[in-house]
Amino acid sequence: MLPRYATVRQYGESEIVNKKSRFIGHAKPVSSEEEAVAFVEEIKKRHWNATHNCSAYVVGERDEFQKALDDGEPSGTAGKPILEVIKHRGLKNVAVVVTRYFGGILLGAGGLVRAYTDGAVAGIDAAQPIVKVLHKEIIVDVDYTWYGKLENELRGRNARVGDVSFTDRVRIVCLPEVAEAERFAAWITDLTQGQAVLETGEEKYFIEGE
């Protein structure tokens, strides 16, 4: 799993008009190539009467799955510009469709490239680009006598904390970034003078800054 990657938060769409042609950008986070293909087909069905539904997607930790489709526009004027926007923004696991309703004025190859680029940007911005950061559960089991100090130190460090449970001892699920997990565990051990019992749990993504 990647320690961090950029994607979009949710489905989003936005429309621009270029020389009377409507370009509607749609973007959505996807977790597989199959999901990306299904999204493209969904938009094509929704806009079945559009002149074109051009698309591109990038999926996989190493961008293994990439595809650009011109859907009837001149080769290289639609799908490739959409793909380039995704790559330029450094996004992963995202699919983008730009729907065109022809307005009667030809744009030429350069005009099409600019229009599909702008449509892709509009759709991606509507879907809210985010960065997902991988965190690792460090489960801290301590005696009650340490809880107050530990709580204060975690708050002062702005540490991400999950569930806290109270039985005969206190069990705190801490969620440092994966890259910081070992140092975090060492800090807890030092802070509690070796009295804390530590376990590692799952790895999960959170949105940076939230």
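The values are calculated or read from the model by the stated rules, or taken from the named source; none is laboratory data. All of these numbers come straight from a predicted model, not from anything done at the bench. Glycine gets a Cβ as well: all are built from the backbone with ideal geometry, and neighbour counts include every protein chain shown. The protein model used for the area step is the full one, side chains on, heavy atoms only, and it has no ligands, DNA or RNA in it. Shrake-Rupley method; radii C 1.70, N 1.55, O 1.52, S 1.80 Å.
Kindly provide the set of residues from the stretch 45-54 that are surrounded by 15 or more Cβ atoms within 10 Å (Cβ to Cβ) and farther than 22 Å from Asp125 by Cβ, ordered by number. Don't jump to the end; show me each part of the working.
Initially, the stretch 45-54 is screened for residues surrounded by 15 or more Cβ atoms within 10 Å (Cβ to Cβ), giving 47, 50-54.
Answer for the stretch 45-54, where residues must be surrounded by 15 or more Cβ atoms within 10 Å (Cβ to Cβ) and farther than 22 Å from Asp125 by Cβ: just Thr51.
Evaluated against (1) open to solvent by 10 Å² or more (accessible area, probe 1.4 Å); (2) more than 30 Å from Glu202 (Cβ to Cβ), Lys28 falls short on exactly one condition, (2).
For Ala122, are the conditions met, namely being outside any strand (DSSP E or B), under 21 Å from Glu210 (Cα atoms), out of contact with any Asp or Glu (no Cβ under 6 Å at 6 or more places or on another chain) and open to solvent by less than 40 Å² (accessible area, probe 1.4 Å)? Answer is no for this residue.
Kindly establish whether Tyr57 is assigned to a strand (DSSP E or B), open to solvent by less than 50 Å² (accessible area, probe 1.4 Å), aromatic (Phe, Trp, Tyr) and in contact with a strand residue (DSSP E or B) (Cβ under 9 Å, 6 or more places away or on another chain). So that I can check it myself, show each step before the final result.
Numbers: assigned to a strand (DSSP E or B): yes; open to solvent by less than 50 Å² (accessible area, probe 1.4 Å): yes; aromatic (Phe, Trp, Tyr): yes; in contact with a strand residue (DSSP E or B) (Cβ under 9 Å, 6 or more places away or on another chain): yes.
Yes.
Evaluate the stretch 8-20: report whether one residue or more is open to solvent by less than 10 Å² (accessible area, probe 1.4 Å), part of a strand (DSSP E or B) and closer than 17 Å to Ala126 by Cβ. Yes. Applying the condition of being in contact with a strand residue (DSSP E or B) (Cβ under 9 Å, 6 or more places away or on another chain) and open to solvent by 50 Å² or more (accessible area, probe 1.4 Å) to the stretch 148-164 and asking which residue is farthest from Met1 (Cα to Cα) yields Glu151. For Phe39, the conditions (1) free of Cβ contacts under 8 Å to residues at least 60 places away in the same chain; (2) among the aromatic types (Phe, Trp, Tyr); (3) open to solvent by 10 Å² or more (accessible area, probe 1.4 Å); (4) closer than 13 Å to Ala127 by Cβ are fulfilled apart from (3).
Search the stretch 193-210 for residues being among the acidic types (Asp, Glu) and assigned to a loop (DSSP other than H, G, I, E, B), and hand back the single one that is farthest from the chain's Cα centre (by Cα). I'd like the intermediate steps shown before the answer.
Our first condition is that a residue be among the acidic types (Asp, Glu); within the stretch 193-210, this holds for 199, 202-203, 208, 210.
Next cut, assigned to a loop (DSSP other than H, G, I, E, B) only: 208, 210.
Numbers: Glu208: 10, Glu210: 13 Å.
Ranking the qualifying residues of the stretch 193-210, first place goes to Glu210.
For Glu84, the test of being touching a residue at least 40 places away in the same chain (Cβ under 8 Å) and of a type in the set (Asp, Glu) is failed.
Find the residue count for the stretch 74-115, including only residues that are in a helix (DSSP H, G or I) and open to solvent by 30 Å² or more (accessible area, probe 1.4 Å). Before the answer, list the steps.
Restricting attention to the stretch 74-115, the residues satisfying the condition of being in a helix (DSSP H, G or I) are 79-88, 108-115.
With the extra rule that they be open to solvent by 30 Å² or more (accessible area, probe 1.4 Å), the set shrinks to 80, 84, 87-88, 108-110, 113-114.
Counting residues in the stretch 74-115 that are in a helix (DSSP H, G or I) and open to solvent by 30 Å² or more (accessible area, probe 1.4 Å) gives 9.
From Asp190, Asp168, which residue is free of Cβ contacts under 8 Å to residues at least 60 places away in the same chain, outside any helix (DSSP H, G or I), farther than 30 Å from Gly79 by Cα and more than 18 Å from the chain's Cα centre (by Cα)? Every option except Asp168 fails the conditions.
Taken as a whole, the structure leaves Ala50 outside the set of residues that are among the hydrophobic types (A, V, I, L, M, F, W, C) and closer than 25 Å to Gly209 by Cα.
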